[in-house]
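J.: Got a structure for you, questions after.
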Amino acid sequence: MAAEHPAYPVGLRLTGRRTVVLGGGQVAQRRLPALIAAGADITLISPSATPSVEAMADAGELTWHRRTYADGDLAEAWYALIATSDPTANAAASAEAERHRVWCVRSDDADAATAWTPATGHSEGVTVAVLTTEAKGRDPRRTAAIRDAVVAGLRDGTLVAPHHRTRTPGVALVGGGPGDPDLITVRGRRLLAEADVVIADRLGPRDLLNELPPHVEVIDAAKIPYGRFMAQEAINNALIEHAKQGKSVVRLKGGDPFVFGRGMEEAQALAEAGIPCTVVPGISSSISVPGAAGIPVTHRGVAHEFTVVSGHVAPDDERSLVDWAALARLRGTLVILMGVDKIGRIAETLTAHGKPGDTPVALVQEGTTAAQRRVDATLATVAEAVRSHEVRPPAVIVIGEVAGMNPAPPA
């Protein structure tokens, strides 16, 4: 009998409880993982099964009886999923479920079932389940779309529900990616939305800061009063002080926290102070910015390796830790970060150690943002190209044959 009222939503606790699944096809393949995750004691009754379902049985995650349904199979069951290709068997099993008061889902006839499977999703300990309110005219695609929208909002922080239980204070070192706000990770965006305090670099995705609730304190790391401290020491102290006040703190950094981001220095300072620290990796500009400009850092038959180098000190500077002579001998791609003002001396050093002067060079300024632009040159001409085109930081420099490639041949 078709339901005349909306379904009553409830969460079933099936751990250790007998659950019977009839049919080992695609429906069972989709539904079984959730039943296994719920800890159900699963009996599968089907003469055949998909390879994935068979693998679950082989792994001991369920008990498989290789036969068709027989009356009495639902005895002592708490829950049943009927998904065979035999309408007569489905109807008989559904009738047995009704007699024994076993909640029953039917894949072939939702109106004849006593339970419906909602469209479900999960995010950070929350299960989202969406059901349509009417038995007739149910639209599974719409319920799935609503489920996806809610879960996506919870994951990326655009749908924020306040925590009413005490949160553990601490610091998250979040890599914000190369600049485009859409390129921050889902976890990074969620932590940013839940933060009490955000200490941001100028190279972080600034547009995300505009989305934060009004109560969030946003601190520009470049404007922290340094006093007697070095800049990094002042930032470390700000992270520690806010965390000790019981606040959830996000250190928002451009790219990845551990790729020339001094993230380890901050993590070490927090560890010494006894402050819990979470590291959220970010998309490094060393790979993403060239990619956004159509440059692969590796390519079959062209470059089998790429090396990422900091160019913030010149090759002849005694503080440099880079073996430029060794880099000049490599045949792969060289990616230089923070090297715009030193590129002239870098190019001279590479050519002095044997790198051909006609090696292609590409400079990508403000990569992945609306202001992105690309300037092409060679090792011999790159210093003049930077001056004539007024290339300014932040810019990623790519040296190697891949910098001369195009995604497609000209029309």
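What follows draws every value from the coordinates through simple rules; no lab data is involved. The model shown is predicted, which means the values in this text are computed figures rather than measured ones. Ideal geometry is used to build each Cβ from the backbone, glycine not excepted, and the neighbour counts take in all protein chains shown.
J.: Computed FRET efficiency, Cβ-Cβ of residue 95 and residue 323, R0 60 Å: what is it to the nearest 0.05?
T.: 0.15
J.: Could you tell me which residue out of 310, 255, 377 lies farthest along the dipole of the chain toward its positive end? Charges go on the beta carbon: Lys and Arg +1, Asp and Glu -1, centred on the Cα centre.
T.: Ranked along the dipole, the leading option is 255.
J.: If you take the beta carbon distance between residue 244 and residue 50 as r and set R0 to 56 Å, what does 1/(1 + (r/R0)^6) give as a FRET efficiency, to the nearest 0.05?
T.: 0.55
J.: Order of 253, 355, 244 from fewest to most other C-beta atoms within 10 Å?
T.: Ranked by crowding around the Cβ, least crowded first: 244, 355, 253.
J.: Now for a separate question. For residue 5 and residue 141, FRET efficiency with R0 = 35 Å and r from the beta-carbon atoms, rounded to 0.05?
T.: On the way: r = 23 Å, r/R0 = 0.67.
The computed FRET efficiency comes out at 0.90.
J.: Now for a different question. Rounded if a/c is under 1.5, else prolate if a/b beats b/c, else oblate: with a ≥ b ≥ c from the C-alpha gyration tensor eigenvalues square-rooted, which is segment 170-280?
T.: In terms of gyration-tensor shape, rounded.
J.: Hey, got a sec? Which GluC sites (Glu not before Pro) in segment 239-306 land in a DSSP loop and have at most 12 other Cβ atoms within 10 Å?
T.: 305
J.: So, with +1 on the Cβ of K and R and -1 on the Cβ of D and E, and no other charges, what is the size of the charge dipole of the chain about its Cα centre, to the nearest 20 debye?
T.: Numbers: 41 positive and 47 negative charges, 59 e Å.
With only Lys, Arg, Asp and Glu charged at Cβ, the dipole is about 280 debye.
J.: Within 10 Å of each candidate Cβ there may be at most 13 other Cβ atoms; applying that plus a DSSP loop requirement, which GluC sites (Glu not before Pro) in segment 50-120 survive?
T.: 76
J.: Counting only helical runs of four or more DSSP H residues, what would the 222 nm mean residue ellipticity of the chain come to if each run contributes -39,500 (n - 2.57) and the total is spread over all its residues?
T.: -8500 deg cm²/dmol, from helical runs alone.
J.: For a bin width of 10 Å, list the pair-distance distribution of segment 286-404 built from all Cα-Cα distances, rounded to whole %.
T.: Values per bin, smallest distances first: 15, 52, 31, 3.
J.: Taking the number of other C-beta atoms within 10 Å as the exposure measure, put 277, 104 in order starting with the fewest. Display every interim value, and only then the final one.
T.: Working: 277 20, 104 25.
The fewest-first ordering by Cβ neighbours comes to 277, 104.
J.: A further question follows. Mind listing which trypsin sites (Lys or Arg not before Pro) in segment 1-99 are in a DSSP loop and have 13 or fewer other Cβ atoms within 10 Å?
T.: 13, 66, 67
J.: I would also like to ask the following. Under 12 Å from the Cα of residue 253, which aspartates and glutamates turn up, not counting those fewer than eight places away in the same chain?
T.: 201, 220, 266
J.: Let me ask something else about it. I'd like the orientation of helix 140-156 relative to the chain: the angle between its Cα long axis and the longest Cα principal axis, in ° from 0 to 90, rounded to 10.
T.: Once rounded, the angle reads 40 degrees.
J.: Please give the per residue volume of the convex hull enclosing the alpha carbon atoms of segment 18-117, rounded to a whole number of Å³.
T.: Working: hull volume 8.3 nm³, N = 100.
Taking only Cα atoms, segment 18-117 has a hull volume of 83 Å³ per residue.
J.: Of 132, 16, 93, whose Cα points farthest to the positive end of the dipole of segment 1-150 (charges on the beta-carbon: +1 Lys, Arg; -1 Asp, Glu; origin at the Cα centre)?
T.: 132
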